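Everything below concerns the one structure shown next.
No lab work stands behind these numbers, since they all come straight from the coordinates. Bear in mind the structure is a predicted one, so any value in this text is a computation, not a measurement. All Cβ positions, even for glycine, are placed from backbone atoms using ideal geometry, and neighbour counts span all protein chains on display.
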Amino acid sequence: MLHYLSENYVSVAAMILFGIGFCNLLLQRNMIKKIIGLNIMDTAVYLFLASMGYIRDRLVPIIVNGDTDASKYINPIPSGLVLTGIVVSVSVTALMLGITVKLYERYHTLDIDEITMLVRKEHE
Amino acid sequence: MDFFRNFPFFTIILAMVSGPVSSVLSAKKARILSFAVVFSCAVLSALTLVYTLGLDGPFVYTMGRFPAPYGNEIRAGVLEALMATFFCIIMLLSLTGGLKYLEKDVPAEKQNLYFIMINLLLASLLSLIYTNDLFTGYVFVEINTIAAAGLIMIRGWGRNILATAKYMIMSLLGSGLVLVAISILYGITGHLLMSNMHESVGQIVAQKTYVEPLIIAVGLFSVGLAIKSALFPFHAWLPDAYGYSTCASSAILSSLVSKGYIFLLIKFIYRVVGVEVFKMTGADDVLFLFGIAGMIIGSVDAIMQTDISRMIAFSSIAQIGYIYMGLGLGVEAGMVASTFHILAHAAAKSMLFVSSNGLAEVSGGSTNYRDLRGSGIRNPAAGIGFLAGSLSMVGIPLFAGFTSKVYFAQAALLGASFGKEIVTLIALAVSTVLNAVYFIRMSISVYTPRMNAHYEDRTFRAGKAYSLSIFLFILIVLILGILSNPIFDWISLGLKQFS
């Protein structure tokens, strides 16, 4: 059992990081900490993906000297997925930060529970 | 006729390009462009539907002409084309009905931004429907989320922004889970195209290797999409997001956005893991339980609301519960019933939102239960729309909601396990009564004249566009209710083409 964990230590680390990020995004009251949690969560998935595509002792998947033997290179698809994922995560992070700025301008706090209370008071 | 194969791609690219173009147009031109795009997407999707009905099976359109397993693919069958057509029509009608309120709620200089979001939303919905690649599915899930956030926020009230923040937080949790699930599935299958993944999953199950990661991935994917489509107990964000947005936003969000995710889940169940493997993982039982709980608790919450928009929003939670209950039955007929309910609910719920805005308009802008008294008399078009929507939600014969409830009951009797059969029938009965409590109460209130007559202003005239959209909504609900057989056959055929 334990040797599975030590063999796949990158995946284990990625999943622990994912858990940390997920809990932060869910449980933190501060919007900025939530956004940091979101980024930890997404980065953990990229670590997981990148480690999956990496094969020890193989080269970067760029053809040099006309060598097209696929067994010499690592799998390039996970890297492509990571790039796409980063683009997605950057855009949602930007949107979340924008919402946070809007909320801060209006309610002068970053605490989402406090904002909820203030909004409720505003409409009573 | 082979030219028709391009149409799914045309609809996606048309919607996607028109988004950025709208950003440099004036509000009026952006509106015209958006209507034209949604309308032409509806026409192209309808033509695709006609074309796929004439074919023996679904067709695959390779993007960039790279063959599988390397390239990205669009796959169109009867069900995909039917969904695309239906979504475009509902979007068009919601926009038509909500246009007047949009002009009131959104400042003129921001209106073109609204139509960017509409176009992006349409593009992402169509892509979710047609894509044959799971990772593309993930990217468009996120685009869908961002566009939906724009639709919620555009009104600019404090509580809209807060609702958007809550919506985004829950959605991002969901999409994080979806992304992990896709990564794990890619790790064990080595593919991202649904057809190739399906083959690998078959081998995995046959060889009994990597079964645990498969179960985890299926669970994470189902839960991720369940959070995003507001299945009970992940529904906390929904009432604020739907209840306080502008009319067209609420209608589109409740009828299309959550349904896009559910459709992706149905595709995942059929095209990636297969129904048998899905049942093996036990995910269907979990969805079934949450669905049943959502049906009851969503309705109970709705009864306690005094605000009409929030009441309709809570009723959405109950209806999403129905859909997941059907998916969780674990039989073919349950899936068909769920897919039919996606259509029935989308039509009725968007009509309810459009008509509730009309009712509020003649009640001094208030959405409170007391103030709405007699509003159905003051604004007859909205009143009739609300009544028809309520009747469909409760499940009165001739309306769409009745047909889908019959299909659900049939599916439960036709092969679900004995426990699920009993629970489904009881839950259907209880939730019908609960639905009736709040919808009939609200309908009676809407048609009860006020005592003090100075409120009764009968000079109000609903606009032509508004009345037309209500009329067409009622027509769709009645068609789904009365002429359900051909649609039912198309859904069954489409689901057969999935596997």
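Observations on the model:
- Cα-only Debye scattering, region B:239-374: base-10 log of I(q)/I(0) at q = 0.10, 0.12, 0.17, 0.20 Å⁻¹: -0.37, -0.51, -0.87, -1.09
- Taking only the C-alpha atoms of region B:155-237, the Rg (one decimal) and the largest Cα-Cα distance, Dmax (whole number), read 16.5, 56 Å.
- Isotropically averaged projected area of chain B, using the convex hull of Cα atoms (one quarter of hull area), nm²: 21.7 nm²
- Expressed as a whole percent, the proportion of Cα-Cα pairs in region B:1-141 lying more than 26 Å apart is 27%.
- Averaged over peptide A:97-103, the number of partner chain Cβ atoms lying within 10 Å of each residue's Cβ comes to 4.
- Once you divide the Cα radius of gyration of region B:116-159 by 2.2 N^0.38 Å, the number left is 1.28.
- Principal axis extents of the Cα atoms in region B:405-452, from largest to smallest and rounded to whole angstrom, are 56, 16, 6.
- Among the residues of B:388-397, the average count of other protein chain beta-carbon atoms within 10 Å of the residue beta-carbon is 0.
- Projecting the Cα atoms of B:ALA123, B:GLY374, B:TYR51 onto the charge dipole of chain B, computed from C-beta unit charges around the Cα centre, puts B:GLY374 farthest toward the positive end.
- Remark: the protein assembly as shown carries a charge dipole of roughly 1380 debye about the Cα centre, counting +1 on each Lys and Arg Cβ and -1 on each Asp and Glu Cβ.
- Chain A: proportion of alpha-carbon pairs further apart than 23 angstrom, %: 51 percent
- Here the Kirkwood formula puts the hydrodynamic radius of region B:309-416 at 14.6 Å, using every distinct Cα pair.
- Taking θ as phi - 60° and the Karplus parameters 6.51, -1.76 and 1.60, the scalar couplings of region B:20-35 work out to x, 4, 4, 5, 9, 9, 6, 4, 5, 5, 4, 5, 4, 4, 5, 4 Hz in sequence order, x denoting glycine and proline.
- Size-normalised alpha-carbon gyration radius of the protein assembly as shown, reference 2.2 N^0.38 Å: 0.95
- In order along region B:151-163, the Karplus-derived 3J(HN,Hα) couplings, from 6.51 cos²θ - 1.76 cosθ + 1.60 at θ = phi - 60°, round to 5, 6, 7, 4, 5, x, 6, x, 6, 5, 5, 5, 4 Hz, and Gly and Pro are given as x.
- Across the alpha-carbon atoms of region B:282-499, the computed radius of gyration and Dmax are 18.2, 62 angstrom.
- Both the radius of gyration and Dmax for region B:301-347 are 12.5, 39 Å, in that order, over alpha-carbon atoms.
- Coupling constants for region B:284-296 follow from the phi torsions by the Karplus curve (6.51 cos²θ - 1.76 cosθ + 1.60, θ = phi - 60°), and in residue order they are 5, 5, 5, 4, 4, 4, 5, x, 4, 4, x, 4, 7 Hz; glycine and proline get x.
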